[in-house]
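Take a look at the structure below.
The values are calculated or read from the model by the stated rules, or taken from the named source; none is laboratory data. Computed from a prediction, not measured in an experiment: that's the story for all the values here. No Cβ is skipped: glycine too gets one built from the backbone with ideal geometry, and neighbour counts run over all protein chains shown. Calculation scope for accessible area: heavy atoms of the full protein, side chains included, ligands and nucleic acids excluded. Shrake-Rupley method; radii C 1.70, N 1.55, O 1.52, S 1.80 Å.
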Amino acid sequence: MGEILTAVARAFEMLVRLDPELVEIVLLSLRVSLTAVAIAAAIGLPLGAALAVLRFPGRRVLIVLVNALMGLPPVVVGLAVYLALSRSGPLGVLGLLFTPTAMIVAQCILVTPILVALTRQVVEDLWLEYEEQLRSFGVTPRRAIPTLLRDGRRSLVPALLAGLGRAIAEVGAVMIVGGNIDHVTRVMTTAIALETSKGDLALALGLGIVLLLLNVVLNATAELLKEWADRDSARAGEAA
Amino acid sequence: MTGPLTLEAVRFVRSGRALLDDVSFSLERGPVTVVLGANGAGKSLLLRIAHGLLRPTSGRVTAVGAQAFVFQRPVMLRRSALQNVEYPLAVRGVERRERRRVAATTLERVGLGGAAAQSARTLSVGEQQRLALARAWALDPELLFLDEPTASLDPTATTAIEEILRSIHAGGAKVVLVTHDLGQARRLGGDVLFLDRGRLVERGAVDDFFDRPSTPAARAFLEGRLGW
């Protein structure tokens, strides 16, 4: 018990004096996950919106596929990316295995289906409301996509935050493709796993606290934004 | 064939039922045309088909020039009032500075100049409908369709809408209005299209229609209404 209390005290001390090792790991985590979510958003937002408004052959298959991909276990994604990037794999020549880039790729694959699915929901609801009016303005479904993404932004930002929360808390995939190399690919989750197994609880706890706080902040922001969006539509509902 | 809107033998079938059948008419520029009829007679449907939102099962619709449509419950884009007016102009490729100018002037004309920066969805119902009219007016349409634009408004807001409608009409637009408000039909209407169960059964000048309806369906409709 005394050992744990000492570890907790040391963890807080590391946080307070911004321990360089801890800060480095946190910053790498943020860099990897923010980049992954940015790329996932660039793919997921338009794709989700397209699935919501366009009718094309194979649409249903694509929706089922996206939903299935949402439930992918991170270790399986890690394994697939590992195989693709390993020296004998199809993308082995790029030499990306065990680099932050490989971790970005893995997280991107994990987050994109989530963003596609959440975007589709948001945009479908908005399209239901907007369709007749936009078509009266002469807007085709394809041209409506940027409009719907813009006007749905208050509901879409929480989706992005959810994606970021998922990416940054994920451990299985980045462990496999990043390798948890000190100063190179060590992020919060992989460091926690390693330090715990080594018995260095202080750093593990410190990172755990950061991760927890980060998720609280992300969720609180998402909640506030949602409330803001709801209040706006509630007022519009009252008026209508 | 020279009018701004012509329908020829328009028929619309849904789930085996003909909701509109053999509707033909040609509208002239000039008077406000009011479309009357009981609930379910096909008035809104007729308007949507004329505007091109729905395709008729058979028959032909010919409309010339720019069109605009004002719905009973206008859809407010999640943007400011000014941006709501700018949006359809942008869709038509109007250049940024010009569309800002047109949008601002039109907002002034409907009395919303002071609300330009306000989020459209926080406006009152009456203001929202005025904004919807501004959105339509800014496009300078040759044909303006309105589907019960004042159905959920109080008398003051209704008067404001009717004033704006008169101005748009005075500017040369052909106005086609669906309404359940017979007072409004008399105040604004020049001629009447009367629908009964999907068919165009009577057509004529507004005074003739109200004073001397020639079909039993129209007589029943007017008596039912006035009897309340």
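Quick notes on this one:
- Restricting the stretch A:176-203 to residues that are part of a helix (DSSP H, G or I) and not hydrophobic (A, V, I, L, M, F, W, C), the residue that is farthest from A:Thr112 (Cα to Cα) is A:Lys198.
- Residue within the stretch B:179-199 that is basic (Lys, Arg), in contact with an Asp or Glu (Cβ under 7 Å, 6 or more places away or on another chain), surrounded by fewer than 18 Cβ atoms within 10 Å (Cβ to Cβ) and not in a helix (DSSP H, G or I) present: yes
- Filter result for the condition that a residue is touching a His at 6+ places or on another chain (Cβ under 7 Å), away from chain A (no Cβ under 14 Å), of a type in the set (A, V, I, L, M) and open to solvent by less than 20 Å² (accessible area, probe 1.4 Å), over B:Val32, B:Val23: B:Val32
- Hits in the stretch A:171-193 - residues which are closer than 18 Å to A:Tyr82 by Cβ and of a type in the set (A, V, I, L, M): A:Val171, A:Ala173, A:Val174, A:Met175, A:Ile176, A:Val177, A:Ile181, A:Val184, A:Val187, A:Ala193
- Odd one out for A:Arg60 among (1) in contact with a Pro (Cβ under 9 Å, 6 or more places away or on another chain); (2) at pLDDT 90 or above: (1)
- Meets criteria (without any contact (Cβ under 8 Å) to a residue 12 or more places away in the chain, out of contact with any Phe, Trp or Tyr (no Cβ under 7 Å at 6 or more places or on another chain) and more than 30 Å from A:Glu13 (Cβ to Cβ)) for A:Gly152: no
- Every test in (1) more than 22 Å from A:Leu28 (Cβ to Cβ); (2) surrounded by fewer than 19 Cβ atoms within 10 Å (Cβ to Cβ); (3) not charged (D, E, K, R) is passed by A:Ala229 save one, and that test is (2).
- Test: residue in the stretch B:120-132 that is within 26 Å of B:Asp181 (Cβ to Cβ), β-branched (Val, Ile, Thr) and within 12 Å of chain A (Cβ to nearest Cβ): yes
- Taken as a whole, the structure places A:Ile104 among residues that are farther than 24 Å from A:Thr147 by Cα and crowded, with 19+ Cβ neighbours inside 10 Å.
Results for (1) under 21 Å from A:Thr35 (Cα atoms); (2) not basic (Lys, Arg), shown as yes or no for each residue.
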| site | (1), (2) |
| --- | --- |
| A:Arg120 | no, no |
| A:Gly138 | no, yes |
| A:Met175 | yes, yes |
| A:Val184 | yes, yes |
| A:Thr189 | yes, yes |
| A:Thr196 | no, yes |
| A:Leu201 | no, yes |
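- One residue stands out in the stretch A:2-40 among those that are of a type outside the set (A, V, I, L, M, F, W, C) and not in a helix (DSSP H, G or I): the one that is farthest from A:Leu207 (Cα to Cα), namely A:Arg17.
- When we screen A:Thr185, A:Thr147, A:Thr140, A:Thr189 for residues that are hydroxyl-bearing (Ser, Thr, Tyr) and open to solvent by 50 Å² or more (accessible area, probe 1.4 Å), the only hit is A:Thr140.
- Only one of A:Ala38, A:Ala117 that is under 16 Å from the mean Cα position of the chain (by Cα) and in contact (Cβ under 8 Å) with a residue 12 or more places away in the chain: A:Ala117
- Matching residues in the stretch B:44-71 - criterion: being open to solvent by 10 Å² or more (accessible area, probe 1.4 Å) and more than 14 Å from chain A (Cβ to nearest Cβ): B:Pro56, B:Thr57, B:Ser58, B:Gly59, B:Arg60, B:Val61, B:Thr62, B:Val64
- Meets criteria (in contact with a helix residue (DSSP H, G or I) (Cβ under 8 Å, 6 or more places away or on another chain), within 14 Å of another protein chain (Cβ to nearest Cβ) and modelled with pLDDT under 95) for B:Pro74: yes
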